[in-house]
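Trainee: Shown below is the structure under consideration.
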Amino acid sequence: MATRMLMMPLNLLSSGIGSMMLPLTAGWLQHHGAGFTLRRLARFASALAGAACCYFLVLWVTRDWLFAHVLQKEFAARDLLLLLWGLAFLPMIVRDQLLYLLVARQRFHRLTALALSSAIVSLVAGYAATQHFGVLGPPLGVVVGEFVNLAGIIVLSLREVAPFRRPAEAAEPGG
């Protein structure tokens with residue numbers, strides 16, 4: 001719990017920016033198209049990921065002091081848990097930004113199916129990892145679920161930019 005709490009400022013940053021991203025994304029989409037919008041969102045997500053890595057680096061360097069004096073907690077798997085939670089928050093931050101293209105295009109059914117699938121994968125992975133690794137299992141499950149969700153968002157976003165067509169449709173004029 002203490003290690004996850006250290007990562008929460010990243011979650012708050014990503015969520016806080018979210019209220020501004022949907023109107024921006026809708027404007028970019030309307031004026032510049034899906035390709036431009038996805039590239040812009042990817043740059044923004046990369047910048048936030050870079051900031052998250054810098055934040056994590058500061059946490060990592062100061063972890064002994066943070067755990068001893070601020071959190072007043074000491075436990076055996078502290079460093080590994082901190083690494084796992086850092087790894088879990090990185091795809092979450094990227095996903096949170098990239099998903100606005102799909103929201104602006106109103107792909108709610110696909111997003112819901114992806115979220116459900118990712119949650120199931122996360123729970124199964126977390127349960128299996130808990131059986132093998134104990135306390136490290138739940139964050140491992142979260143890491144797996146977040147990467148599955150991010151991969152799904154990327155695939156769905158790329159389909160919005162260059163929709164897949166059957167060869168017969170692509171050959172027809174206006175198809």
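The values are calculated or read from the model by the stated rules, or taken from the named source; none is laboratory data. Please read these numbers as outputs of a predicted model, since none were measured by experiment. Positions of Cβ are backbone-derived with ideal geometry, glycine not excepted, and every protein chain shown enters the neighbour counts. Areas reflect the complete protein model, heavy atoms only, side chains present, ligands, DNA and RNA absent. Shrake-Rupley method; radii C 1.70, N 1.55, O 1.52, S 1.80 Å.
Trainee: Kindly indicate the residue of region 115-149 that is open to solvent by 50 Å² or more (accessible area, probe 1.4 Å) and polar (S, T, N, Q) and also farthest from the chain's Cα centre (by Cα) among those meeting that condition.
Mentor: Filtering first and then ranking leaves GLN131.
Trainee: Residues that are farther than 22 Å from ASN11 by Cα and surrounded by fewer than 21 Cβ atoms within 10 Å (Cβ to Cβ): does region 77-97 have at least one?
Mentor: First, pick out the residues of region 77-97 that are farther than 22 Å from ASN11 by Cα: 77.
In the following step, the residues that additionally are surrounded by fewer than 21 Cβ atoms within 10 Å (Cβ to Cβ) were identified as 77.
Checking region 77-97: at least one residue is farther than 22 Å from ASN11 by Cα and surrounded by fewer than 21 Cβ atoms within 10 Å (Cβ to Cβ).
Trainee: Just need a number here: residues in region 30-57 that are within 22 Å of PRO139 (Cβ to Cβ) and open to solvent by 60 Å² or more (accessible area, probe 1.4 Å).
Mentor: So the answer is 4.
Trainee: For GLY27, only one of the following conditions fails: (1) touching a residue at least 60 places away in the same chain (Cβ under 8 Å); (2) open to solvent by less than 30 Å² (accessible area, probe 1.4 Å). What is its number?
Mentor: (1)
Trainee: Looking at region 88-103, can you tell me whether even one residue there is charged (D, E, K, R), in contact with an Asp or Glu (Cβ under 8 Å, 6 or more places away or on another chain) and closer than 24 Å to CYS53 by Cα?
Mentor: So the first thing to find is which residues in region 88-103 are charged (D, E, K, R), and the list is 95-96.
Retained after the next criterion (residues that are in contact with an Asp or Glu (Cβ under 8 Å, 6 or more places away or on another chain)): 95.
Pick out the ones that are also closer than 24 Å to CYS53 by Cα and you get 95.
Yes, region 88-103 has at least one match.
Trainee: Kindly indicate whether ALA68 is under 21 Å from GLY145 (Cα atoms), assigned to a helix (DSSP H, G or I) and open to solvent by less than 50 Å² (accessible area, probe 1.4 Å). Step through it out loud before you land on a result.
Mentor: Values: under 21 Å from GLY145 (Cα atoms): no; assigned to a helix (DSSP H, G or I): yes; open to solvent by less than 50 Å² (accessible area, probe 1.4 Å): yes.
No.
Trainee: Name the single residue, out of those in region 105-114 being in contact (Cβ under 8 Å) with a residue 24 or more places away in the chain and open to solvent by 50 Å² or more (accessible area, probe 1.4 Å), that is nearest to PHE36 (Cα to Cα). Explain how you work it out, then say what you get.
Mentor: Initially, region 105-114 is screened for residues in contact (Cβ under 8 Å) with a residue 24 or more places away in the chain, giving 105, 107, 110-111, 114.
Then drop every residue that is not open to solvent by 50 Å² or more (accessible area, probe 1.4 Å), which leaves 105, 107, 110.
Numbers: ARG105: 14, ARG107: 18, ARG110: 22 Å.
Restricting to residues being in contact (Cβ under 8 Å) with a residue 24 or more places away in the chain and open to solvent by 50 Å² or more (accessible area, probe 1.4 Å), the top hit is ARG105.
Trainee: Could you tell me whether ALA45 is among the hydrophobic types (A, V, I, L, M, F, W, C) and either without any contact (Cβ under 8 Å) to a residue 12 or more places away in the chain or in contact with a helix residue (DSSP H, G or I) (Cβ under 6 Å, 6 or more places away or on another chain) (or both)? Can you show your working first?
Mentor: On the way: among the hydrophobic types (A, V, I, L, M, F, W, C): yes; either without any contact (Cβ under 8 Å) to a residue 12 or more places away in the chain or in contact with a helix residue (DSSP H, G or I) (Cβ under 6 Å, 6 or more places away or on another chain) (or both): yes.
The answer is yes for ALA45.
Trainee: Moving on. I want to confirm something. Restricting to region 1-24 and keeping residues that are of a type in the set (Gly, Ala, Ser) and touching a residue at least 60 places away in the same chain (Cβ under 8 Å), which single residue is most open to solvent (accessible area, probe 1.4 Å)?
Mentor: Of the residues in region 1-24, the ones of a type in the set (Gly, Ala, Ser) are 2, 14-16, 18-19.
Next, from what is left, pick out any that are touching a residue at least 60 places away in the same chain (Cβ under 8 Å): 2, 14-15, 18.
On the way: ALA2: 11, SER14: 4, SER15: 70, GLY18: 10 Å².
Applying the filter and picking the extreme gives SER15.
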